[in-house]
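Reviewing the structure listed below.
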Amino acid sequence: MTPSAVQSIGLPEIVAGILLVLLNAYVLMGGADFGGGTWDMLASGPRRDAQRELIARQIGPIWEANHVWLIVAVVVLFTGFPGAFADVATILHVPIALMLIGIVLRGSAFVFRSYGGRSERARARWGRVFAVASAATPVLLGIVIGAISTSATGQAIAQLGSRSFSDAFIRPWFAPFPIVVGLMALTLFAQLAAVYLALAAKDMALREDFRRRAIGSGAAAIVAAGIALALAKVEAPFVHAGVMRSSWSIPLVGATAIAAAITIWALFQRRYALARVTAAGEVSLILWGWGAAQYPFLVPPTLTIRSAAAPNATLQVLLWVLAGGALILLPSLAFLLRTFARTASE
């Protein structure tokens, strides 16, 4: 970002930054829960039941509370950038609707598996729904993010009235780049969950299970990121140009690579607390790199942050409401996390 760009930052850019912070919080907390559900589906070996028990114990108390970050992000988007919200929700309504269905199915299935009946067959059935929804939803979330960055979505917005249903509502997201971004999101969430679970496990054998899973999913995430960058040259040229030619790209990409390398090294060395910090840093840097790569666009090449922003009076009220809400939300979540962390350690 150039100095002139920094000087021109105003209310729309501040609200867009807050939106990215909210997505970051959702990825680190809610994303790890989705990753835990994925490992529930892939639980295997002599400690399969113990693996699932650890996953349920870690995500059970607060798994729905983590969705508050996504809810607030949606509110910020449709209040602060109503035009972008309308266009994105229209063009990408299919993957967004499927993602929301996955979120609902996942939460419902988790409850029914835990408390809905005593039959082993019923619990196994709800467990499969929980696991499949946990794996599919991150892919759909990544597809939406990837599609927002492509030229196809911007073109579909500009030519909506003259396009067929398939051209307008399927092709912008059902393409190689968004799908690979979806798979990258799944592998990153799986890595986060495995790192968190390895740190939480008390049994050494169980800890080793999730350590190996964390290394494997981390390697898969690196491969997916490389493929996504290669595909971006054609399908998401603004993102590719930002990553490859911006003044910030070398230090940010370097920091991301270092975080990924340290995470793998820490896992090999069994330094789980360090791995948790660097894995969270790696995912956060990837997300912020995506935001910086397509700045100043919300949906390239048609909608910029400023062209899609609500009037300044609306943005000012929104910022005051967010500040007031944070005074209630953040201490409440901290108390919730501290309470259940203390309960788990007793």
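The values are calculated or read from the model by the stated rules, or taken from the named source; none is laboratory data. Everything numeric in this text was worked out from a predicted model, so none of it was measured. Positions of Cβ are generated from backbone atoms using ideal geometry, with glycine treated the same way; all protein chains shown enter the neighbour counts. With ligands, DNA and RNA removed, areas are computed over all heavy atoms of the protein, side chains included. Shrake-Rupley method; radii C 1.70, N 1.55, O 1.52, S 1.80 Å.
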Under 23 Å from residue 34 (Cα atoms), among the small types (Gly, Ala, Ser) and modelled with pLDDT under 95, is that true of residue 228? yes
Whether any residue in region 84-104 is over 27 Å from residue 35 (Cβ atoms) and in contact with a strand residue (DSSP E or B) (Cβ under 8 Å, 6 or more places away or on another chain) is what I want to check. yes
Per the list (1) under 15 Å from residue 137 (Cα atoms); (2) hydrophobic (A, V, I, L, M, F, W, C); (3) crowded, with 16+ Cβ neighbours inside 10 Å; (4) over 15 Å from the mean Cα position of the chain (by Cα), residue check on residue 81 breaks on (1)
In the set 317, 253, which member is open to solvent by 60 Å² or more (accessible area, probe 1.4 Å), in contact with a helix residue (DSSP H, G or I) (Cβ under 9 Å, 6 or more places away or on another chain), closer than 20 Å to residue 71 by Cα and not aromatic (Phe, Trp, Tyr)? 317
Among the residues in region 297-304, are any without any contact (Cβ under 8 Å) to a residue 40 or more places away in the chain and open to solvent by 30 Å² or more (accessible area, probe 1.4 Å)? yes
Residue hits (region 204-219; within 25 Å of the chain's Cα centre (by Cα) and either not polar (S, T, N, Q) or not in a helix (DSSP H, G or I) (or both)) are 207, 209, 210, 211, 212, 213, 214, 215, 216, 218, 219
Cβ-Cβ under 7 Å pairs, at least 6 apart or on other chains, region 77-95 side among the charged types (D, E, K, R), far side not in a helix (DSSP H, G or I): 87/299; 87/303
Among helices (runs of 4 or more DSSP H) completely within region 233-346, the ones holding 1 or more residues that are closer than 27 Å to residue 221 by Cα and not charged (D, E, K, R) are 237-245, 249-268, 272-293
Taking helices (runs of 4 or more DSSP H) that do not extend beyond region 46-105, which have at least 3 residues that are within 19 Å of residue 149 (Cα to Cα)? 68-80, 82-91
Of all residues in region 164-198, how many are crowded, with 18+ Cβ neighbours inside 10 Å and part of a helix (DSSP H, G or I)? 24
